[in-house]
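Peer 1: The following block contains the structure, expressed as structure tokens.
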Amino acid sequence: MFKLIKNSILYAPESLGRKDILICGEKIAMISNTINLNLPDIEIIDANGKTVTPGFIDQHVHITGAGGKHGFHSLTPEIALSEFISCGTTTVVGLLGTDGATKSLKALYAKTKALDNEGITAYMLTSYFGLPPITMMGSVLEDMLFIDKVLGCKVALSDERSSFPTAKELLSILKDVHVGGLTSGKKGIMHVHLGALKTNMQLLLDLVEQYDFPIKNISPTHVGRTAPLFEQAIRFAKLGGMIDITTGGTKFDEPYKQVLYALKKGVSIENMTFSSDGNAGIGVNDKDGNLIGFKKAPIDLNLIQVQKLVKEANIPIGEAIQLVTSGPARNLSLTQKGRVFAGGDADLCLFDSNFNLTDVIARGKVMMKDKEILVRGSFEEKA
């Protein structure tokens, strides 16, 4: 029941220096310079020389699979627990993509609950790319109200596969997520997939500037798909919005370089997040461009891009990890996540002196130790 992490170098995400951390059950009970307890069966974790951060939050993952643009055989399977653990992800938000037929919301909810049962924390978004929204309870508002795991609604914009929504249609969705959030105690977000069409995200700027809708409820993702789109995203962030940079998929430059560019343009790192778009389907081509197979989009790129910010761009650890900890927690209003504090959830990542991930704790349970995964999903082959 009790775990005591000794001698950690703690980033909560702000730098707190050398600290001991006491875990009781799934919660952090105490943080202090020195904690000495004489309790039976307490597990001591020596973190001497290791950096401790909050567990990572990935707010855009296709946990039930995606893909399918090359036929039914190109649909990706469900994701496995160990894939999250291996890259430090302890909280995930699952969602549908283009496909709202073969990939259903009910299956998405079931997978969300399954990941919870296996040891991490999972949430989901209702609907998918198209309009009208698909829901489980009959409306976006009711999904927000009555399904605890639903944090918001997914929609697509500036993509040839989208329904080309109008401002009025988006405002109707925003009303549902906003009012549903107010009543259910959630923030409520409209999570907007952005494609590469030249309309970019102008419609989202119009919602804020012309219709005065609260910017906090609008959550654009894939903002680094093209350079013109990213310029508009910078404008959105300067208005007070949160912009989500996808570490996988199509992008005009490496995600960590997008962050550096936005910082130079005056955007606060507190207004940016990373997400992976992991487990989508990717076609594999031969040297002549012929399709020869498929693979799953990786989910470890959030970790890799944060490491590049620290190792190559010399961004302080406490700033870099905000993109995958306190930033997405604030965007989703997950008050127990994204920070290390007494009373918060015991989701932690431990890194060695070269900032390589070595250990992962999710909800107080050690899931990976010294780079060895200890806990795997129900149907994964055990090591």
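The values are calculated or read from the model by the stated rules, or taken from the named source; none is laboratory data. Remember, it's a predicted structure, so these values are computed and weren't measured experimentally. Backbone-built Cβ (ideal geometry, glycine too); neighbour counts: all protein chains shown. Calculation scope for accessible area: heavy atoms of the full protein, side chains included, ligands and nucleic acids excluded. Shrake-Rupley method; radii C 1.70, N 1.55, O 1.52, S 1.80 Å.
Peer 1: Just the residues that are among the small types (Gly, Ala, Ser), touching a residue at least 40 places away in the same chain (Cβ under 8 Å) and open to solvent by 30 Å² or more (accessible area, probe 1.4 Å), please, taken from region 78-103.
Peer 2: Residue satisfying the conditions is Ser86 alone.
Peer 1: Out of all the residues in region 158-190, which are of a type in the set (Asp, Glu) and within 13 Å of Leu207 (Cβ to Cβ)? Explain how you work it out, then say what you get.
Peer 2: Keep residues of region 158-190 that are of a type in the set (Asp, Glu), which gives 159-160, 169, 176.
Hit for region 158-190 is Glu169, nothing else.
Peer 1: OK, next. Restricting to region 61-77, count the residues that are buried (at least 19 other Cβ atoms within 10 Å of the Cβ) and either of a type in the set (S, T, N, Q) or without any contact (Cβ under 8 Å) to a residue 60 or more places away in the chain (or both).
Peer 2: Step one: list which residues in region 61-77 are buried (at least 19 other Cβ atoms within 10 Å of the Cβ), which gives 61-68, 76.
Applying the additional criterion that residues be either of a type in the set (S, T, N, Q) or without any contact (Cβ under 8 Å) to a residue 60 or more places away in the chain (or both) yields 64, 76.
The number of residues fulfilling the criteria is 2.
Peer 1: Which of the helices (runs of 4 or more DSSP H) found entirely inside region 121-209 contain at least 2 residues meeting this: farther than 23 Å from Leu334 by Cα and not small (Gly, Ala, Ser)?
Peer 2: Values: elements: 140-146, 167-184, 202-209.
It comes to 167-184, 202-209.
Peer 1: Here's something else I'd like to know. Looking at region 172-203, which of its residues are closer than 22 Å to Gly249 by Cα, in contact with a Pro (Cβ under 8 Å, 6 or more places away or on another chain) and open to solvent by 40 Å² or more (accessible area, probe 1.4 Å)?
Peer 2: Lys198
Peer 1: Tally the residues that are open to solvent by less than 50 Å² (accessible area, probe 1.4 Å) and in a loop (DSSP other than H, G, I, E, B), restricting the search to region 237-246. Steps first, answer last, please.
Peer 2: Of the residues in region 237-246, the ones open to solvent by less than 50 Å² (accessible area, probe 1.4 Å) are 237, 240-246.
Now restrict to residues that are in a loop (DSSP other than H, G, I, E, B): 240-242.
Result for region 237-246: 3.
Peer 1: If you don't mind, there's one more thing I want to ask. With the structure loaded, tell me whether Pro13 is on the phi < 0 side of the Ramachandran plot, assigned to a loop (DSSP other than H, G, I, E, B) and surrounded by 13 or more Cβ atoms within 10 Å (Cβ to Cβ) or whether it fails that test.
Peer 2: Details: on the phi < 0 side of the Ramachandran plot: yes; assigned to a loop (DSSP other than H, G, I, E, B): yes; surrounded by 13 or more Cβ atoms within 10 Å (Cβ to Cβ): yes.
The answer is yes for Pro13.
Peer 1: Would you check which residues across region 247-281 are touching a His at 6+ places or on another chain (Cβ under 6 Å) and either aliphatic (A, V, I, L, M) or open to solvent by 10 Å² or more (accessible area, probe 1.4 Å) (or both) and list them? Walk me through it before giving the result.
Peer 2: Taking region 247-281 and keeping what is touching a His at 6+ places or on another chain (Cβ under 6 Å), we get 275, 277, 279-280.
Asp277, Ala280, listed by residue number.
Peer 1: From the list Lys149, Lys187, Lys175, Lys168, exactly one residue is at pLDDT 95 or above, within 17 Å of Gly241 (Cα to Cα) and of a type in the set (Lys, Arg). Which is it?
Peer 2: Values: Lys149 fails: within 17 Å of Gly241 (Cα to Cα); Lys175 fails: within 17 Å of Gly241 (Cα to Cα); Lys168 fails: within 17 Å of Gly241 (Cα to Cα).
Only one candidate passes the filter, namely Lys187.
Peer 1: Oh, and also: Could you count how many residues in region 17-55 are open to solvent by less than 70 Å² (accessible area, probe 1.4 Å) and of a type outside the set (S, T, N, Q)? Reasoning before the result, please.
Peer 2: Filtering region 17-55 for residues open to solvent by less than 70 Å² (accessible area, probe 1.4 Å) gives 17, 19-25, 28-29, 31-32, 35, 39, 42, 45, 47, 49-55.
Next, only the ones that are of a type outside the set (S, T, N, Q) stay: 17, 19-25, 28-29, 31, 35, 39, 42, 45, 47, 49-50, 52, 54-55.
Matching residues across region 17-55 total 21.
Peer 1: Where residues in region 124-134 are under 14 Å from Gly188 (Cβ atoms) and among the hydroxyl-bearing types (Ser, Thr, Tyr), which of them is farthest from the chain's Cα centre (by Cα)?
Peer 2: Ser127
Peer 1: Could you list, in sequence order, all residues of region 354-381 that are assigned to a loop (DSSP other than H, G, I, E, B) and touching a strand residue (DSSP E or B) at 6+ places or on another chain (Cβ under 8 Å)?
Peer 2: Applying the first criterion (assigned to a loop (DSSP other than H, G, I, E, B)) to region 354-381 yields 354-356, 363-364, 370-371, 374-381.
Within region 354-381, Phe355, Arg363, Gly364, Asp370, Lys371, Leu374, Val375 meet the criteria.
Peer 1: Follow-up. Just the residues that are hydroxyl-bearing (Ser, Thr, Tyr) and under 25 Å from Val192 (Cα atoms), please, taken from region 44-75. So that I can check it myself, show each step before the final result.
Peer 2: From region 44-75, those hydroxyl-bearing (Ser, Thr, Tyr) are 51, 53, 64, 74; that's our starting set.
Within region 44-75, Thr64, Ser74 meet the criteria.
Peer 1: Just to verify a result, which residue in region 204-230, among those that are aliphatic (A, V, I, L, M) and open to solvent by less than 40 Å² (accessible area, probe 1.4 Å), is farthest from Cys153 (Cα to Cα)? Give the derivation first.
Peer 2: Filtering region 204-230 for residues aliphatic (A, V, I, L, M) gives 204-205, 207-208, 215, 218, 223, 227, 229.
So of that shortlist, the ones also open to solvent by less than 40 Å² (accessible area, probe 1.4 Å) come out as 204-205, 207-208, 215, 218, 223, 229.
Values: Leu204: 15, Leu205: 18, Leu207: 16, Val208: 18, Ile215: 15, Ile218: 10, Val223: 18, Leu229: 22 Å.
The selected residue is Leu229.
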